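Everything on this sheet refers to the single structure shown next.
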C-alpha cells in the first residue's frame, strides 16, 4: 500500500472522524485518541496539531503562527511541520 502525497501548505487539515485531542492526566501529557489507539504528543507536536490541524486555518497560516510563537525562522520549521503532519495523516489521525 503506497502512502498518500505529502501535505502541502495549502492544505486545511482537521482531526479524522473519531480522533480526539485530549489531556491525559494519568500520563501527564496530551494525546490523540482514536478508536483502539492513543498517540502521546510531545510539546512541539501538540503545538503543531493545535496550529495546523484544527480545520480553522491553512497549514501555511499555522506555520506562520508557529514561527512567531517559537521565534523561529519560518524556513527552518516548515519542512519539519509538513513532515509531522504528513505522518499523522498517513497514520489516520488527520484528514483534509
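Computed from the coordinates by the stated procedures, all read-outs in this text should not be read as laboratory data. Keep in mind that this is a model prediction, so the values were computed, not measured. Counting neighbours? That spans all protein chains shown, and the Cβs are built from the backbone with ideal geometry, glycine included.
Rounded to the nearest 5, the antiparallel percentage of DSSP beta bridges internal to the chain is 100%.
Working from label points 7 Å from Cα in the Cα-to-Cβ sense, the residue 72 to residue 20 distance is 2.9 nm.
Classification of the chain by its C-alpha gyration tensor yields an oblate form. The axis ratio a/c (a ≥ b ≥ c) is 1.5 or more, and b/c is at least a/b.
Neighbour counts of other Cβ atoms within 10 Å put 8, 26, 78 in the fewest-to-most order 26, 8, 78. For the chain, the relative contact order is 36 percent, taking Cα pairs closer than 8 Å that sit 6 or more residues apart in sequence and dividing their mean separation by the residue count.
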